[in-house]
Amino acid sequence: MKTVQLAIHDSDYAQLLRNLLVRDGMHRVYLVDQPDLQMDGVIVIDESGFKTLTGPTFESDRFVMITRKDADHLSRVWDAGIRHVVFQEDPANTAQLAIIAAELRLPRAAAASRPAHAADSFAEKHHATPAPCLPILETPARCRRCGLRNAHSQS
């Protein structure tokens, strides 16, 4: 299960996003006022949550920011290292994609600690299994003059 904390004040948008994430059966979603930085997973914040983020425990790859289109504010978000930004006017599906992108950037150690989903374990086994080694068979020699195989081998 992947963990997502939604620390956004628009309760309608938060509920819609929560429903989208829970529907796939792979997400555990928490609606929170303040994100718990000790908990693994992605954290979705809005502008008010961004103002409270500071300190050495701030891992910018974990965050998805929902914000308004304001060049000054966006530059501060970018300078803070947050690369997953969704605008307030964007549909919840766009925020869902940003969350999935943030999950893909998380270190593998966090992903390894979670129980494997059946599809995940199949993919992991598939890519971990070495490809079968087949012998390389020699092809018959070609004549350099005419290009035919074994054309002159009898002579």
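Coordinate-derived values only; no laboratory data. Fair warning: this is a prediction, and the values are worked out from it, not measured in the lab. Cβ sites come from the backbone with ideal geometry, for glycine too, and all protein chains shown count toward neighbours.
Odds and ends about this structure:
- Among the residues of the stretch 2-21, just one is buried (at least 20 other Cβ atoms within 10 Å of the Cβ) and in a loop (DSSP other than H, G, I, E, B), namely I8.
- One residue from R62, R68 being surrounded by 15 or more Cβ atoms within 10 Å (Cβ to Cβ), in contact (Cβ under 8 Å) with a residue 12 or more places away in the chain and of a type outside the set (A, V, I, L, M, F, W, C): R62
- Some residue of the stretch 22-40 being under 21 Å from L106 (Cα atoms), in contact with a His (Cβ under 9 Å, 6 or more places away or on another chain) and either buried (at least 18 other Cβ atoms within 10 Å of the Cβ) or β-branched (V, I, T) (or both): no
- Unmet criterion (only one of (1) surrounded by fewer than 16 Cβ atoms within 10 Å (Cβ to Cβ); (2) closer than 24 Å to M1 by Cβ; (3) not aromatic (F, W, Y)) for K51: (2)
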